[in-house]
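Student: One structure follows; several queries about it will come next.
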Protein chains: 2
Amino acid sequence: MDNNNISHSHCRIAVDAMGGDYAPDNAVLGAMQAYVQSRDFDLLLVGRKEAIYNVATLNNLSVNDDMIVHTDEVIEMGDSPTGSLKKKPNSSIVVGAKLVKEGKADGFVSAGNTGAMSVSSVFNIGRIKGVARPTLTAPFPNEKEGYTFISDVGAFVDSKPSHLLGYAILSSIFIEEIYGIKNPKIGLLNVGEEKGKGYPLTLETSELLGNSGLNYIGYIEGKDIFKGTADLVVCDGFIGNILLKFAESIVPFLKTKIKHYASGGFFKKIKAGIAAGPLRESLKNTNYELQGGLPLLGLNGISIIGHGSSTPLAIKNMVLRAKEMHEKNLIKKIEESFTRYSLPKIN
Amino acid sequence: MDNNNISHSHCRIAVDAMGGDYAPDNAVLGAMQAYVQSRDFDLLLVGRKEAIYNVATLNNLSVNDDMIVHTDEVIEMGDSPTGSLKKKPNSSIVVGAKLVKEGKADGFVSAGNTGAMSVSSVFNIGRIKGVARPTLTAPFPNEKEGYTFISDVGAFVDSKPSHLLGYAILSSIFIEEIYGIKNPKIGLLNVGEEKGKGYPLTLETSELLGNSGLNYIGYIEGKDIFKGTADLVVCDGFIGNILLKFAESIVPFLKTKIKHYASGGFFKKIKAGIAAGPLRESLKNTNYELQGGLPLLGLNGISIIGHGSSTPLAIKNMVLRAKEMHEKNLIKKIEESFTRYSLPKIN
């Protein structure tokens, strides 16, 4: 890649061409779909040059050398996150994050190894001043035809109250800027609504949130997520990640159940076929492809982590989301806003 | 109640007539349905005599004085668990648990205040020797047309590894005896399958489970619950309770979504109507009424806690489950089995 060829007036999004279960195919296809649709940004495909050209040739896509940042190592889905970063410094996940760090890209998206992508982003892009822990924020569909966001869904476990307050601040700004929800209502996930419930840390977190200046509405329970009681639900990454993976399994579970029902005879098969339409439309908000990926918030640059099984549509939406975050100047806004709220010192 | 009138050859199940959002109606109706269906046990309705007779008269049920244990206090759904037990010693939740303790009943079921019922059961019935913490075990439907059980779903938060091992032992015996699953596969809920993932306590728990003699299959993730990868999923009560409440909200969420779809026009309304059948049948295992309530395992007697919104059918099934647990001699079996597994001392 020749840096002189990059127009700095343009937004530049780097895509991990080697990331995901169906890489490089889905990654290259999705990235090119975003590029062809929008055109007003520079696309950087990070990965093995010959593999990228193979996909391009097979699918008749106009990829040229200026769009490729060649890397010869690949972090596999099963690799240990920290170990692989050291062992494979010339992998797409390391090189992509470094492009953001060095100002050569305005955002990096990857559907590769989630752990490696998190660690590489935090280590290479770095955190915004005052942010102890970045957070992964995920949209859950809700009954109000919108989303309930959950933060953290797996960047970190064993969060302290001040970390949870940090997640709330970071995600609030994201939701407000990207989803247009002004002053989002924030709930703290707990096993009951009464004051004495939960872990000792829960009460402490609740007090921090209550004094933060954020729109904190108190404890909410598991049943409130789909109801949309809060716009943002704050919790430790351990439970957030388990909830996310459980929620993602609802649609496959329903499909298996309906298929089983359909095997019960001719009329059941017909009914199940008709049921597919309403179900699909009712559950369209649960389709992660529409949101593309999950932003890792709190970093000094844009990093979006996608599902391992990301389709080209999911990759495309990740790229467009990264571009939107850049155009809305989200990192700068997070930086400014992070000082607005009273954040205690992390011990 | 005259104790001389109780036939001790019979099983005696006490029901909290004042427990639940629709008490005494649903509690008395459900208990009487179980009684009329089976007849081979003694039913004890614990609560306000006149209220119980009112429901009986209105519904033409043959209730007599021998079936009533009068109590004049009621613990409300919003009362503080520990506070209310002290303040209301003559409440149905306290008296019912004491009946079990004193051998006057072989089991107690209540759809009342979950916290008060837990604390009253632990305090009044007492724990089996060696059991540091009892556990609430809940069945989740799975793709294999059976159930994945989760333990603990909310009896206690902040569990130590040895507590989690205890939950695994208690729930294994319950699943084996009541659901006929021999040597149930046990998974430990975590954010990934790799060894280094999760909390420091997770690894320690995994080692305990691995050395316990139980059928431990290792870490499982949120996506494995509906898949039925394990028969029993062990986790802290904090996450278990949030998962249970989240899972219970799936069907109402789908109903709202389908209703919204149906409002989109005539044909959509027809399609949504047809979809209701397959959906209802596909999700019938998610109906908590069929399982009635959740057993509090590890106590020196049978205690089953029901959903606040329990229907008569749910109460009926709770009563029949308590009877089954008694007939299968579950408490004795738990007592014997609890010494079979290598359980470390609780610190």
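The values are calculated or read from the model by the stated rules, or taken from the named source; none is laboratory data. Remember, it's a predicted structure, so these values are computed and weren't measured experimentally. Virtual Cβ from ideal backbone geometry, glycine too; neighbours counted across all protein chains shown. Accessible surface is based on the protein model in full, side chains and every heavy atom, while ligands, DNA and RNA are left aside. Shrake-Rupley method; radii C 1.70, N 1.55, O 1.52, S 1.80 Å.
Student: Would you confirm, using the coordinates I've provided, whether A:Leu189 is under 25 Å from B:Tyr199 (Cα atoms) and surrounded by fewer than 22 Cβ atoms within 10 Å (Cβ to Cβ)?
Tutor: Details: under 25 Å from B:Tyr199 (Cα atoms): yes; surrounded by fewer than 22 Cβ atoms within 10 Å (Cβ to Cβ): no.
In short, no.
Student: While we're looking at this one, here's another question. Against the definition (without any contact (Cβ under 8 Å) to a residue 24 or more places away in the chain, basic (Lys, Arg) and within 7 Å of chain B (Cβ to nearest Cβ)), how does A:Lys245 come out, yes or no?
Tutor: Values: without any contact (Cβ under 8 Å) to a residue 24 or more places away in the chain: yes; basic (Lys, Arg): yes; within 7 Å of chain B (Cβ to nearest Cβ): yes.
In short, yes.
Student: Can you tell me which residue in region B:251-280 is farthest from the other protein chains (Cβ to nearest Cβ), limited to those that are hydrophobic (A, V, I, L, M, F, W, C) and out of contact with any helix residue (DSSP H, G or I) (no Cβ under 6 Å at 6 or more places or on another chain)?
Tutor: Pass one, region B:251-280, residues hydrophobic (A, V, I, L, M, F, W, C): B:251, B:253-254, B:258, B:262, B:266-267, B:270, B:272, B:274-276, B:279.
This time we only want the ones that are out of contact with any helix residue (DSSP H, G or I) (no Cβ under 6 Å at 6 or more places or on another chain), so: B:254, B:266-267, B:270, B:276, B:279.
Details: B:Leu254: 7, B:Phe266: 13, B:Phe267: 10, B:Ile270: 9, B:Ala276: 8, B:Leu279: 6 Å.
Step by step, filter region B:251-280, then rank; the result is B:Phe266.
Student: Next question, about the same structure. Among the residues of region A:203-226, which ones are open to solvent by 10 Å² or more (accessible area, probe 1.4 Å) and either closer than 16 Å to A:Asp152 by Cβ or of a type in the set (A, V, I, L, M) (or both)?
Tutor: Residues satisfying the conditions are A:Leu203, A:Leu208, A:Leu214, A:Ile217.
Student: Determine the pairs where a residue that is within 17 Å of B:Tyr167 (Cβ to Cβ) and within 14 Å of another protein chain (Cβ to nearest Cβ), located within region B:212-229, has a partner that is in a loop (DSSP other than H, G, I, E, B) and β-branched (Val, Ile, Thr) with Cβ atoms under 9 Å apart, the partner being 6 or more residues away or on another chain.
Tutor: Partner pairs satisfying both residue conditions: B:Tyr219/B:Val191; B:Ile220/B:Thr229.
Student: Quick one: which helices (runs of 4 or more DSSP H) sit completely within region A:219-331 and have at least 1 residues that are closer than 16 Å to A:Phe149 by Cβ and hydrophobic (A, V, I, L, M, F, W, C)?
Tutor: On the way: elements: A:224-227, A:237-248, A:250-262, A:266-282, A:288-291, A:312-327.
In region A:219-331, the matching helices (runs of 4 or more DSSP H) lie at A:224-227, A:237-248, A:288-291, A:312-327.
Student: Just to be sure I understand the filter: pairs with C-beta atoms under 8 Å, separated by 6 or more residues or on different chains, first member in region A:180-198 and more than 10 Å from chain B (Cβ to nearest Cβ) and more than 22 Å from B:Gly308 (Cβ to Cβ), second member in a loop (DSSP other than H, G, I, E, B) and among the acidic types (Asp, Glu). Which pairs pass?
Tutor: Here the result reads A:Ile181/A:Asp231; A:Pro184/A:Asp231; A:Lys185/A:Asp231; A:Ile186/A:Asp231, each pair linking region A:180-198 to a residue that is in a loop (DSSP other than H, G, I, E, B) and among the acidic types (Asp, Glu).
Student: Looking at A:Lys88, A:Lys49, can you tell me which residue is surrounded by fewer than 20 Cβ atoms within 10 Å (Cβ to Cβ) and either among the charged types (D, E, K, R) or in contact with a Lys or Arg (Cβ under 6 Å, 6 or more places away or on another chain) (or both)? Steps first, answer last, please.
Tutor: Working: A:Lys88 fails: surrounded by fewer than 20 Cβ atoms within 10 Å (Cβ to Cβ).
Only one candidate passes the filter, namely A:Lys49.
Student: Specify the residue that is nearest to the other protein chains (Cβ to nearest Cβ); the eligible residues are those in region A:281-294 that are surrounded by fewer than 22 Cβ atoms within 10 Å (Cβ to Cβ) and either closer than 12 Å to B:Lys271 by Cβ or among the charged types (D, E, K, R) (or both).
Tutor: Only one residue tops the list, namely A:Glu281.
Student: Scan (1) buried (at least 18 other Cβ atoms within 10 Å of the Cβ); (2) over 14 Å from the mean Cα position of the chain (by Cα) for the single condition B:Asn241 breaks and write down its number.
Tutor: Here B:Asn241 meets the rest and fails (2).
Student: Looking at B:Val46, B:Val63, can you tell me which residue is over 24 Å from the mean Cα position of the chain (by Cα), modelled with pLDDT of 95 or more and among the hydrophobic types (A, V, I, L, M, F, W, C)?
Tutor: Working: B:Val46 fails: over 24 Å from the mean Cα position of the chain (by Cα).
That would be B:Val63, the only listed residue that is over 24 Å from the mean Cα position of the chain (by Cα), modelled with pLDDT of 95 or more and among the hydrophobic types (A, V, I, L, M, F, W, C).
Student: Exactly one of (1) open to solvent by less than 70 Å² (accessible area, probe 1.4 Å); (2) modelled with pLDDT of 95 or more is unmet by B:Gly308. Its number?
Tutor: Exception for B:Gly308: condition (2).
Student: If we keep just the residues of region A:324-333 that are surrounded by fewer than 24 Cβ atoms within 10 Å (Cβ to Cβ) and touching a strand residue (DSSP E or B) at 6+ places or on another chain (Cβ under 9 Å), which is nearest to A:Arg12 (Cα to Cα)? First the steps, then the outcome.
Tutor: Step one: list which residues in region A:324-333 are surrounded by fewer than 24 Cβ atoms within 10 Å (Cβ to Cβ), which gives A:324, A:326-333.
Checking which are touching a strand residue (DSSP E or B) at 6+ places or on another chain (Cβ under 9 Å) leaves us with A:326-327, A:330-331.
Details: A:His326: 9, A:Glu327: 11, A:Leu330: 15, A:Ile331: 15 Å.
Step by step, filter region A:324-333, then rank; the result is A:His326.
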